[in-house]
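Below is one structure, written out as structure tokens; comments come after it.
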Amino acid sequence: MKGLAPVLGACAFASGFGIRIVDPMVPLLSAEFAVSLGATSLLVTAFAFSYALGQPILGPLADAIGKTRLIVLCGAIVSVLFLACALAPAFPFLAVVRGISGLAAGGIIPVAIAALSDSVSVAERQVALGRFLVASILGQMLGAAVSGVVSELFGWRAVFLLTSALMAAAITVAFLVLPQSPRVGEGLSRGSIFRQHGKILSSRRAVFLFCLVILGAVAAYGLFPFVAAILLERFGTGTYEAGLVLGGFGLGGVLYALTVRRVIGLLGPRWMSWAGGLGSGAALIAFAFPLPWTWNIASFTLLGFAYFMLHNKFQTHAAELAPGASGSAISLFAFCIFAAQGIGPLVVGGALSVLPIPVVLTLMGALVTGVGVLAPWILSKE
């Protein structure tokens, strides 16, 4: 359908905007509600885990009732829940509602990816998905950056109000413009869910792929809730600076998405994976050194560019796992990404409690480097 990609992109932008808004506000929320930084970072974990846990249901549901229908429904729910976050009277309420919003948000970007995958040829799929990443990544980049600025100027509640309004606007456009997508699945039941996921996971290649996705995302995203605290400890900076540094990750992702066709043609699949792993590792290790905080924007830009080389390649593999059940395949991919984003802060937080920051960052850099270097060989084994 003409106009499908732009409208889906608008929904992905709004949803992506809401994903990373809490990261730069962790110290601010910690002070506001008088809870520890570790406890406040659970807002990130709760959102990511619920996003992940909803995927095994939301993917088959999208195949059963129609992808655009589910996107509109989930977007409306997310908008209401972000409004509730803005009105949160206490930290437990905020944590619960933020977590539930992750469950609903899981029915937007992964389902939009599946819908777009269905509409393009296999030959153009990696390029199309790479370009689609622009919307999601740009949303995450601006979400982190705008959150840092707005929370300092107007308070953290204003960030959730802005995000709610943005989501409502995008979903209204989708409701008015997109046709109700046809039902292509066998209907939703516990048996059909198990059959679809079982069919996908029966492939060793799928299992290897999802393991690599989890390891790479743990390394890349696990640090994010601690960036503001690290910068505060090193330089005495606030949410504004943390938002700009975290926004560099999104900027790198956008730069990759805008040059995806050229990158694919220049490097090819194997070199893309190696360059993505090595570049991500180098960026994390660079952050281990107490360089001026503005330099960290550059290191996170490199991290975003390199990591999304891996992400795009893995995402394309996932879209090709199950023809006719793309919603289920992409939902499993998203499950792995967001489960890792939930696990990552726990892993990094635990490591930071016993190891120096440079050591933890070096270990995370080595992990993502290993993922990129070994991925071509592992995924070639069937």
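The values are calculated or read from the model by the stated rules, or taken from the named source; none is laboratory data. Because the structure is a prediction, the values reported are computed rather than measured. Every residue, glycine among them, receives a Cβ derived from its backbone with ideal geometry; neighbour counts consider all protein chains shown. When the accessible area is computed, the model is the full protein with side chains, heavy atoms only, and any ligands, DNA or RNA have been set aside. Shrake-Rupley method; radii C 1.70, N 1.55, O 1.52, S 1.80 Å.
Of the residues in the stretch 99-108, none is over 21 Å from the mean Cα position of the chain (by Cα) and surrounded by fewer than 20 Cβ atoms within 10 Å (Cβ to Cβ). Scanning the stretch 128-157 for residues that are touching a residue at least 24 places away in the same chain (Cβ under 8 Å), crowded, with 18+ Cβ neighbours inside 10 Å and among the β-branched types (Val, Ile, Thr) turns up VAL134, ILE137, VAL146. The helices (runs of 4 or more DSSP H) found wholly in the stretch 189-297 and carrying at least 1 residues that are more than 19 Å from the chain's Cα centre (by Cα) and under 22 Å from ALA52 (Cβ atoms) occupy 190-201, 204-221. Among the residues of the stretch 230-245, the one identified as within 12 Å of LEU142 (Cβ to Cβ) and open to solvent by 10 Å² or more (accessible area, probe 1.4 Å) is LEU244. Does GLY18 satisfy the condition of being of a type outside the set (A, V, I, L, M, F, W, C), modelled with pLDDT of 85 or more and buried (at least 24 other Cβ atoms within 10 Å of the Cβ)? When the stated conditions are applied, GLY18 passes them.
Restricting the stretch 41-70 to residues that are among the small types (Gly, Ala, Ser) and closer than 27 Å to LEU4 by Cβ leaves a set whose member that is surrounded by the most Cβ atoms within 10 Å (Cβ to Cβ) is GLY59. Residues that are hydroxyl-bearing (Ser, Thr, Tyr) and closer than 24 Å to ALA340 by Cα within the stretch 63-116 comprise just one, SER101.
Against the list (1) open to solvent by 10 Å² or more (accessible area, probe 1.4 Å); (2) closer than 22 Å to LEU223 by Cα; (3) more than 20 Å from the chain's Cα centre (by Cα), the condition LEU346 fails is (3). Taking the numbered list (1) closer than 15 Å to ALA12 by Cα; (2) more than 15 Å from the chain's Cα centre (by Cα); (3) not aromatic (Phe, Trp, Tyr); (4) not in a helix (DSSP H, G or I) in turn, PRO89 passes all entries but (1). Please enumerate the residues belonging to the stretch 5-15 that are in contact with a Leu (Cβ under 7 Å, 6 or more places away or on another chain) and either without any contact (Cβ under 8 Å) to a residue 12 or more places away in the chain or crowded, with 24+ Cβ neighbours inside 10 Å (or both). Listed by number, the residues that qualify are LEU8, ALA14.
Flag not set for GLY304, criterion: at pLDDT below 90 and in a helix (DSSP H, G or I).
For GLY370, the conditions (1) open to solvent by 60 Å² or more (accessible area, probe 1.4 Å); (2) over 26 Å from SER101 (Cβ atoms) are fulfilled apart from (1). When each of ALA84, ALA95, ALA31 is tested for being closer than 20 Å to ALA168 by Cβ and either open to solvent by 10 Å² or more (accessible area, probe 1.4 Å) or not in a helix (DSSP H, G or I) (or both), the lone residue that passes is ALA84. When the stretch 41-52 is filtered for residues that are in a helix (DSSP H, G or I) and at pLDDT below 85, the ones remaining, listed by number, are LEU42, VAL44, THR45, ALA48, PHE49, ALA52. Of everything in the stretch 109-127 that's in contact with a helix residue (DSSP H, G or I) (Cβ under 8 Å, 6 or more places away or on another chain), modelled with pLDDT under 80 and part of a helix (DSSP H, G or I), which residue is most open to solvent (accessible area, probe 1.4 Å)? In this case the residue turns out to be ASP118. Take the conditions (1) open to solvent by 10 Å² or more (accessible area, probe 1.4 Å); (2) modelled with pLDDT of 85 or more; (3) farther than 30 Å from SER119 by Cα; (4) of a type outside the set (D, E, K, R); GLY38 misses just one of them, which is (2).
For the stretch 158-198, taking the residues that are modelled with pLDDT of 70 or more and of a type in the set (S, T, N, Q), the one that is surrounded by the fewest Cβ atoms within 10 Å (Cβ to Cβ) is identified as THR172. Looking across the stretch 280-323, the residues that are closer than 19 Å to ALA366 by Cα, open to solvent by 20 Å² or more (accessible area, probe 1.4 Å) and aromatic (Phe, Trp, Tyr) come down to PHE289, PHE305.
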